[in-house]
Amino acid sequence: MNTNGLSVTVLSDNRAAYGLEAEHGFALWIETAGHKILFDTGRGGAMLRNAEALGIDLGLADCVVLSHGHYDHTGNVPAVLERSGHSRLFLQPYAVQPRYSIHDMPKPIGMPGPSVEAVQKLPEARRHWISAPAALSEHVWLTGCVSRETAYEDTGGPFFLDAEGEHADAIPDDLSLWIETRDGLVVCLGCCHAGVVNTLRHCMEVAGERRLAAVIGGTHLLHASEERLERTAEALKEYAIPHVFPCHCTGEAASAYLAEHVGSSVQPGYAGMKVSF
C-alpha cells in the first residue's frame, strides 16, 4: 500500500502548541501519496492563522471533507473553498440542516449560514453528497454513515433538530476518514458522534483490515458515563492501537482516563501537532 510521506497535522483544536491559537474547533491537514486533504475547517480564524503559521497552503487542498454539520467543524468553509478553487467537497446530506444543543437554553450549533451558502453555491461537479463508504483515492476512504451497534455509545449530548427539543438529532451525517498503510489503518475522527468503537469497527469491516495503526481526532467523551469510558477503554486496549491521539471534544478528564487505562499509546492532540508515518 503506497502511502509514502503520510502525515497528519492538527490545525484546529481546544489545545495548541506554543505560538499557535486554541479554539473550540477541529481541523486536520492530511498529506499522503501526492494528495492533500483538509478534514474539517475549524470554528474561526484560529484555524486559518495556524495553517499560515505552520506554512500550510490551504489552497492546495485536493479534497475538503466535513465530518458533520456542526459550527465548530465548518466555520471556515467559505474561506477554504475560495482559496482552493479546484478542490472537491465531501459531506453528508444532513450536514446543512439546522440543529441545536439544549441544556438550560437552546443553542444553535449547526453549520454557520455563510458556510451553508458556500456549500449550496458550489458547482455540482465539485460537491459530493455521500452516505455510503467512498474512496477519495486508492487508499483513502470516508466511512459514510456508521452503523450504531453498541448499547453504551450515544451522540454525546442533548442534540435536537428544533429549538423546542421535540425532535432528537441522531447526527446521521457523522463520518470519519481512514488511510490504508502497511501497518494498518490510520483513522481520522471529527467528533465521532456515532461512537468511537462503532466507527473503528465500521472502518475495519469495510476496509477488510483488522490492524489499526493510529487513531486521531475527537471522540465526544466529554460527558460520557463511567460505563462508556470503561468499555471504550477496553475496546481500544483490545485493538492494541500503537498511537491514539484524542482531541477536541474528548475532554481532558476522558483523555486522562484513556491514558491511564489504555496505556502510553494515548497522547492528547493539540493544534500544531504533526504525526508522520
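Applying the criterion of being under 29 Å from S137 (Cα atoms) and of a type in the set (S, T, N, Q) to the residues of the range 11-47, the residue that is surrounded by the most Cβ atoms within 10 Å (Cβ to Cβ) is S12. Scanning the range 49-62 for any residue that is within 21 Å of C192 (Cβ to Cβ) and crowded, with 23+ Cβ neighbours inside 10 Å turns up nothing. If you go through the range 69-84 and pick out every residue that is in contact with a Gly (Cβ under 6 Å, 6 or more places away or on another chain) and over 19 Å from H24 (Cα atoms), you end up with 2. Kindly indicate the residue of the range 137-152 that is in contact (Cβ under 8 Å) with a residue 60 or more places away in the chain and not charged (D, E, K, R) and also surrounded by the fewest Cβ atoms within 10 Å (Cβ to Cβ) among those meeting that condition. Result: Y152. Quick one: in the range 98-136, of everything that is touching a helix residue (DSSP H, G or I) at 6+ places or on another chain (Cβ under 9 Å) and of a type in the set (S, T, N, Q), which residue is surrounded by the fewest Cβ atoms within 10 Å (Cβ to Cβ)? Only one residue tops the list, namely Q120. With respect to the conditions (1) assigned to a helix (DSSP H, G or I); (2) aromatic (F, W, Y); (3) buried (at least 22 other Cβ atoms within 10 Å of the Cβ), Y257 lacks only one, and its number is (3). Filtered by the rule that a residue be touching a residue at least 40 places away in the same chain (Cβ under 8 Å), part of a strand (DSSP E or B) and not β-branched (V, I, T), the range 17-38 gives A27, L28, H35, L38. Taken residue by residue, the range 187-204 has at least one member that is touching a Phe, Trp or Tyr at 6+ places or on another chain (Cβ under 6 Å) and part of a helix (DSSP H, G or I). Please give the number of the condition L177 fails out of (1) closer than 21 Å to G5 by Cα; (2) more than 19 Å from the chain's Cα centre (by Cα). Of the numbered conditions (1) closer than 21 Å to G5 by Cα; (2) more than 19 Å from the chain's Cα centre (by Cα), the odd one out for L177 is (2). Restricting to the range 185-209, give me the number of residues that are farther than 26 Å from R99 by Cβ, touching a residue at least 24 places away in the same chain (Cβ under 8 Å) and touching a helix residue (DSSP H, G or I) at 6+ places or on another chain (Cβ under 9 Å). So the count comes out to 2. When the residues of the range 133-160 are filtered to those that are assigned to a loop (DSSP other than H, G, I, E, B) and hydrophobic (A, V, I, L, M, F, W, C), the one that is nearest to E230 (Cα to Cα) is A151. Restricting L229, L222, L200, L212 to those that are within 17 Å of the chain's Cα centre (by Cα), surrounded by fewer than 21 Cβ atoms within 10 Å (Cβ to Cβ) and of a type in the set (A, V, I, L, M, F, W, C) reduces the list to L222.
Counting only residues that are over 21 Å from A22 (Cα atoms) and in contact with a Pro (Cβ under 6 Å, 6 or more places away or on another chain), give me the helices (runs of 4 or more DSSP H) lying completely in the range 39-132 with at least 1 of them. Steps first, answer last, please.
On the way: elements: 45-53, 77-83, 113-121.
Correct list: 113-121.
Any residue at all in the range 169-178 that's assigned to a strand (DSSP E or B) and surrounded by 23 or more Cβ atoms within 10 Å (Cβ to Cβ)? Yes, the range 169-178 has at least one match.
Since every read-out is calculated from the coordinates, none of them should be taken as a lab result. Every value quoted in this text rests on a predicted model; they were computed, and no experiment measured them. Backbone-built Cβ (ideal geometry, glycine too); neighbour counts: all protein chains shown.
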